[in-house]
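Report on the structure given below.
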Amino acid sequence: MSEPLRQRRRARRRRAPIGSYIFVGLYLIFLLTPLYWMAITSIKPTDDYMAIPPVWFPSHPTLAHFTGALFTYRGLQGLWNSLIISSATTVLSALIGTMMAYSLARFRTGGEHLAFWVLSQRFLPPVAIILPLFLLYRFLHLNDTYIGLILAYTVFTLPLSVWMMYAYFRQMPASMEEAALVDGCSRWQALWQVAVPLAAPGIVAAAVFVFISCWTEFFFAVILSSRNAFTLPTVFRGFLGFQGSQYGESSALSVVSLVPSIVLGMLVQRHLVRGLTLGAVRG
Amino acid sequence: MASSRGTAMAIGAPIRRRRAHGFSAWCEQNLKWLLVAPAIILILALTIYPLFFSIWVAFVNYDFSIPGHDFVGLQNFERVIADPVARSSVGVTILFTVANVSIEFLAGLGLALAMTRTFRGRGTIMAVLIVPLFISPVIVGQFWALLLQQPFGPTNYILSRLLGHDVQIGWLTEAPWNFIAIILADVWQWTPFVFVILLAGLTAIPPNLYEAAELDGVSAWQAFWSITVPQLMPMILLAVTFRLLDAVKIFDVIFMITGGGPGTRTYTSSFYLYQIGFQQFHLSQATAGSWIFLALIAVVIMALVRRLLKAERTQ
């Protein structure tokens, strides 16, 4: 593009109508208000959040709700369980997903059908498989175990990891692996020693999206776990129906839960479009 | 390491190849199937097998309150169809899906159009706008409940001050308001999804199209309809399809904000099936219901995915 053209384009883009600023501004208020209220409730003394008019900023902030949420309401156990289950799922899903994606991209295994069959799993409503899965788990004694949730989450995140990596491998030139094959590498070695290191940024991004999906998942967790393998989101069930006495604790636990996933999300912001559309859009 | 490996391979290659026989040769030949096997086995075991098993469950008596697994024919399906709560839950699901996805689409499009322009602080605003995508729907439901609840939530207080008279709305318990509460939470969470995809679409539109239009004296409004909309169409289709397919599953927010109440007024299909299956343990009835639900949305899914694939191919 020539220099004057680029300048003109920038000039066009800079002329933003005032209306769009107002819209974004209003939207930011809508977006930030609940977050602010949650954050501020988590450090309010109990008297302050049961007050009319509402207290916008507490004069005596307290961390009591954090200790309450973590120790009295077993938030710490939930945090630990979530960490184990999400991490194990991430490793498993990224590993199995990358292997399948490589095969789909490089050998066209099963043609388009196999790839779309995996994709279709993404759109299967969980409620359609949760009942028989629950019965299967009851039979195998997998209900309320780490293994049970890890396996369920691995299956449930496979469309994500397979399709993100499928898109990644397809746009990655095969020439390096071919060179390795000519050098006498086996296909297996070409995969692990050439293709995987080259695709590492994509694998990391896919893995982070898998982690976030598990970290925030509720439906499977609420049904397949109870006393032992309960994850962090299911701890919030314990705050329902108490009419206000636990607002501090539930807000504190929300803060604890959303900080890690937001931090991780920011790290993969560049890959967000691919992550949300399972690689359909490059972004 | 890379260079040493390269030379070692080149020298060792012929020997290695000759030695490769039996098991390792078989592995090498069938590598493509070995690579997809773990994923396929897992999906077969934990998705496809349960689906087939559930066909059996739907036709027998599998109810924790009644012993035995007798064949009962279509009785489970009849029970679901005869249940007025099941029928109203379909209506509620459609209502939420249509309301949520249309609002999210319009707001997401508005944000995307506003954010295509470069301005100071755009990066920061961008990072803030996508935050809801990384938060559990349970937490989103929980803090909207916190904001809207009576009597200590700030919403009624602010409305009272703005309107100049006392406002006492039961956002979580009274009929039109709790629908609005659920829509607010869902829109809060998923508008960024539409926004991110449409923004990617907008930035991919070649700017010379607009430059040519500008030279021809086309107004901004005309340019929007004749350039932006058609160019953006594949992305619109993609974003709306993804959202629709997820929106029909709405469960977490209902669970946290209304618990399906008052009564069964805000039962969605997923919530209804959860209640029947896991609170009342009528597993067969719930399974039959989930097949009806699947059949209902399968029609929509087929049509949408086919449109989507067609659009992607012609792109």
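The values are calculated or read from the model by the stated rules, or taken from the named source; none is laboratory data. Computed from a predicted structure; not experimentally measured. Note: ideal-geometry Cβ built from the backbone for every residue, glycine included; neighbour counts use all protein chains shown.
Quick notes on this one:
- Considering residues of region A:1-50 that are closer than 21 Å to B:Ile205 by Cβ and at pLDDT 90 or above only, the residue surrounded by the fewest Cβ atoms within 10 Å (Cβ to Cβ): A:Phe23
- Only listed residue being free of Cβ contacts under 8 Å to residues at least 60 places away in the same chain and either buried (at least 16 other Cβ atoms within 10 Å of the Cβ) or not in a helix (DSSP H, G or I) (or both), chosen from B:Trp225, B:Trp188: B:Trp188
- Restricting region A:86-137 to residues that are touching a residue at least 40 places away in the same chain (Cβ under 8 Å), of a type in the set (Ser, Thr, Tyr) and surrounded by fewer than 24 Cβ atoms within 10 Å (Cβ to Cβ), the residue that is farthest from the other protein chains (Cβ to nearest Cβ): A:Ser87
- When we screen A:Cys185, A:Cys214 for residues that are in contact with a Ser or Thr (Cβ under 8 Å, 6 or more places away or on another chain) and either more than 20 Å from A:Arg270 (Cβ to Cβ) or not aliphatic (A, V, I, L, M) (or both), the only hit is A:Cys214.
- Residue under evaluation A:Phe211, criteria (1) buried (at least 22 other Cβ atoms within 10 Å of the Cβ); (2) in contact with a Lys or Arg (Cβ under 9 Å, 6 or more places away or on another chain); (3) more than 10 Å from every other protein chain (Cβ to nearest Cβ), criterion not met: (2)
For (1) hydrophobic (A, V, I, L, M, F, W, C); (2) away from chain B (no Cβ under 12 Å); (3) surrounded by fewer than 22 Cβ atoms within 10 Å (Cβ to Cβ), each residue gets a yes or a no:
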site	(1), (2), (3)
A:Phe139	yes, no, yes
A:Leu142	yes, no, yes
A:Tyr146	no, yes, yes
A:Leu181	yes, no, yes
A:Cys185	yes, no, no
A:Ala190	yes, no, no
A:Pro197	no, no, yes
A:Val204	yes, yes, yes
A:Phe230	yes, yes, no
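- Of all positions in region A:143-150, none carries a residue that is within 28 Å of A:Trp117 (Cβ to Cβ) and of a type in the set (D, E, K, R).
- Criterion (closer than 17 Å to B:Trp291 by Cα, surrounded by 16 or more Cβ atoms within 10 Å (Cβ to Cβ), within 28 Å of the chain's Cα centre (by Cα) and within 9 Å of another protein chain (Cβ to nearest Cβ)) met by exactly one of B:Val131, B:Val90, B:Val80, B:Val57: B:Val57
- Residue in region A:264-274 that is assigned to a helix (DSSP H, G or I), touching a Lys or Arg at 6+ places or on another chain (Cβ under 7 Å) and either of a type outside the set (Val, Ile, Thr) or more than 10 Å from every other protein chain (Cβ to nearest Cβ) (or both) present: yes
- For A:Pro53, the stated conditions hold: it is within 11 Å of another protein chain (Cβ to nearest Cβ), more than 22 Å from A:Ser225 (Cα to Cα) and over 22 Å from the mean Cα position of the chain (by Cα).
- Within region B:14-33, the set of residues being at pLDDT 80 or above and closer than 14 Å to A:Ala190 by Cβ comprises B:Cys27, B:Glu28, B:Leu31, B:Lys32.
- The single residue among B:Ile227, B:Ile205, B:Ile169, B:Ile135 that is modelled with pLDDT of 95 or more and touching a helix residue (DSSP H, G or I) at 6+ places or on another chain (Cβ under 6 Å) turns out to be B:Ile135.
- Selection within region A:56-72 - touching a residue at least 12 places away in the same chain (Cβ under 8 Å) and either within 9 Å of chain B (Cβ to nearest Cβ) or outside any helix (DSSP H, G or I) (or both): A:Trp56, A:Phe57, A:Pro58, A:His60, A:Pro61, A:Thr62, A:Leu63
Listed here are the residues, each with its yes/no results for (1) under 26 Å from B:Leu199 (Cα atoms); (2) crowded, with 19+ Cβ neighbours inside 10 Å.
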position: B:Leu238; (1), (2): yes, yes
position: B:Gly263; (1), (2): no, no
position: B:Tyr272; (1), (2): no, yes
position: B:Phe281; (1), (2): no, no
position: B:Gln285; (1), (2): no, yes
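- Enumeration of residues in region B:134-164 that are more than 9 Å from chain A (Cβ to nearest Cβ) and assigned to a loop (DSSP other than H, G, I, E, B): B:Gln150, B:Gly164
- A:Ala280 vs. criteria touching a Gly at 6+ places or on another chain (Cβ under 9 Å) and closer than 27 Å to A:Phe116 by Cα: no
- Inside region A:121-149, residues that are more than 16 Å from A:Ser226 (Cβ to Cβ), within 19 Å of the chain's Cα centre (by Cα) and assigned to a helix (DSSP H, G or I) make up a count of 3.
- Looking only at residues of region B:173-201 that are away from chain A (no Cβ under 11 Å) and hydrophobic (A, V, I, L, M, F, W, C), we find that the one that is farthest from B:Ile103 (Cα to Cα) is B:Ala175.
- When residues in region A:182-210 are screened for being over 26 Å from A:Ile262 (Cβ atoms) and in a helix (DSSP H, G or I), 13 of them pass.
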